[in-house]
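One structure below.
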Amino acid sequence: MAAVFETIIARRTVRAFGPEPVTSDHLTKLVEAARVAPSAANKQPLAYIGVNDPDLLPRIFDCLKWAAYIAPAGDPPPGQEPRGYIVVLKDKKVADETFFRYDVGAAVENMLLAAQEMGLASCWIASVNRPRVRDILDVPEDYDIDCVIALGKPAEHPVMVEMQGDDVRYWRDEAGVHHVPKRPLSKIFRLNSP
Ligand SMILES: Cc1cc2nc3c(=O)[nH]c(=O)nc-3n(C[C@H](O)[C@H](O)[C@H](O)COP(=O)(O)O)c2cc1C
């Protein structure tokens, strides 16, 4: 089992998935990781719907948009769509508007790292047709749909590269490998001195 830091460094957003199923046990364990995340004022305003029913998977897939900088090249190829989803919901009765987004960040990152450790790849998706997802999953009006996490065995292996200048856009090379630029440590971190 990898140490947490190695899991953090190894995780990349993946948008092509193998045929292996995402099991109900996987989904339950991921929500267990989200459930115990830090929460502002410990309000815990989030709820989750796991999806791995083969009839529902294509319907949720049709509600999602992928890799805007390179669209449509980042769309999962036919046959390599996600094999599971977790839909993250905000309980409007509980959520504090100022802080709930911090809670989403903490809970989702917990799930992405837990997935990585379980051998599952993920894509955190905010570009969601929320009315359609609400309709498909019969989400009650008390809940807002915040985002969707797409899951499956990785069928691509993106690489992380040092950002050149200020260009934040990821790209694909001639071999189709996805490159993700990250700002260098020297640009974003200062230790003690100005
Ligand atoms: C809040 C949030 C929303 C995102 N929404 C989408 C999305 O709608 N579609 C998509 O393909 N990727 C989405 N991503 C994934 C980012 O594109 C990805 O995290 C970024 O390119 C960095 O790559 P990395 O996760 O491999 O480090 C989202 C990421 C975050 C944090």
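Derivation of every value follows stated rules applied to the coordinates shown; laboratory data play no part. Treat the numbers as computed from the prediction; the structure is a model and nothing was measured. Methodologically, a virtual Cβ is constructed for each residue, glycine included, from the backbone with ideal geometry; neighbour enumeration extends over all protein chains shown.
Observations, loosely collected:
- Count - residues of the stretch 89-102 that are within 16 Å of the ligand (Cβ to nearest atom) and crowded, with 20+ Cβ neighbours inside 10 Å: 3
- Odd one out for Arg35, checked against (1) closer than 29 Å to Arg169 by Cα; (2) surrounded by fewer than 16 Cβ atoms within 10 Å (Cβ to Cβ): (1)
- One residue alone among Ser186, Ser122, Ser127 is in contact (Cβ under 8 Å) with a residue 40 or more places away in the chain, of a type in the set (S, T, N, Q) and surrounded by fewer than 15 Cβ atoms within 10 Å (Cβ to Cβ), and that residue is Ser127.
- Residues of the stretch 34-88 classified as part of a strand (DSSP E or B) and either within 14 Å of the ligand (Cβ to nearest atom) or touching a residue at least 60 places away in the same chain (Cβ under 8 Å) (or both), total: 10
- Filtering the stretch 130-160 to residues that are over 16 Å from the mean Cα position of the chain (by Cα), touching a residue at least 24 places away in the same chain (Cβ under 8 Å) and closer than 15 Å to Leu46 by Cβ leaves Val139, Asp142, Tyr143, Asp144.
- Exactly one residue out of Lys65, Lys43 is of a type in the set (Lys, Arg) and within 18 Å of Ala106 (Cβ to Cβ), and it is Lys43.
- As for the stretch 153-170, it holds at least one residue that is of a type in the set (Lys, Arg), more than 11 Å from the ligand (Cβ to nearest atom) and either farther than 20 Å from Pro21 by Cα or surrounded by 15 or more Cβ atoms within 10 Å (Cβ to Cβ) (or both).
- Qualifying residues in the stretch 169-183 (those that are free of Cβ contacts under 8 Å to residues at least 60 places away in the same chain and of a type in the set (A, V, I, L, M, F, W, C)) - the one nearest to Pro154 (Cα to Cα): Val177
- Residue count for the stretch 2-17, restricted to those that are more than 11 Å from the ligand (Cβ to nearest atom) and surrounded by 14 or more Cβ atoms within 10 Å (Cβ to Cβ): 3
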